[in-house]
Amino acid sequence: MGREQRSGERTLSIIKPDGVSKGVIGEVIRRFEKEGIRVVALKMLHLTKRQAEGFYVVHRERPFFPSLTDFMSSGPIVVMVLEGDDVIARNRTIMGATDPKKADSGTIRADFAGNIEQNIVHGSDAPETAAMEIDYFFSKLDIM
Ligand code: ATP
Ligand code: MG
């Protein structure tokens, strides 16, 4: 009864506080699963301001950093590890552009996001950031 060896890249996905409060957790996950992307870890948590600042440390010099980290610590979020071939890029395609006004129709952000800050989802942008971001939230033992 060995565990299955699965192949594929991994990425970190977050359903941000606006996605949770708008009631689209299931819809977001459905869009991933429909594309054959596997959820291999998942939890809900409410970040402190400090934890949000730690997660978005690469943006600390940006003018939107204080507001972004207030938003990200304003309510519960759902963090997930997604797995599949080319999942980093595929997830970002499913999410759509950062600014929902520029996002392709049918993407998560075009369909649900209010503005460039409150844009429903986060997705890692490269293998190195995916590895760091997965580590920020999950231990090896949490990932199936
Ligand atoms: P994410 O990293 O959340 O997946 P992204 O890679 O599309 O999104 P980034 O440029 O990394 O976007 O910005 C991180 C997050 O910061 C965005 O998702 C958004 O919530 C917020 N953000 C980005 N640009 C702005 C802006 N000009 N004004 C306000 N908030 C912004
Ligand atoms: Mg980003």
Quick check for me: using +1 on Lys/Arg Cβ and -1 on Asp/Glu Cβ, what's the dipole size of the chain about its Cα centre, in debye to the nearest 20? 260
Whether the range 60-144 is rounded, prolate or oblate, judged on the alpha carbon gyration tensor where a/c under 1.5 counts as rounded: oblate
Expected vector for the range 45-53, Karplus 3J(HN,Hα) from phi with 6.51, -1.76, 1.60 and θ = phi - 60°, integer Hz, x for Gly and Pro, equals 8, 10, 5, 6, 4, 4, 5, 5, 5
State the percentage of accessible surface on the chain attributable to carbon and sulfur atoms; use a 1.4 Å probe and exclude ligands, DNA and RNA. 52
Cut-off 20 Å, label 7 Å out along Cα→Cβ of residue 128, residues of the range 74-99 by amide N: 86-90, 92
With the radius of gyration and the Kirkwood radius both derived from the Cα set of the range 1-128, what is their ratio Rg to Rh? 0.97
Filter on 49/102; 16/101; 43/140; 22/43 - keep pairs with C-alpha separation over 25 Å: 49/102
Before I look further, what does the chain give for accessible area per residue, probe 1.4 Å, in whole square angstrom? 56
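The values are calculated or read from the model by the stated rules, or taken from the named source; none is laboratory data. Here the structure is a predicted model, which means the values were calculated and not measured. Quick reminder, even Gly has a Cβ in these numbers, built from the backbone with ideal geometry, and neighbours come from all protein chains shown. Accessible surface is based on the protein model in full, side chains and every heavy atom, while ligands, DNA and RNA are left aside. Shrake-Rupley method; radii C 1.70, N 1.55, O 1.52, S 1.80 Å.
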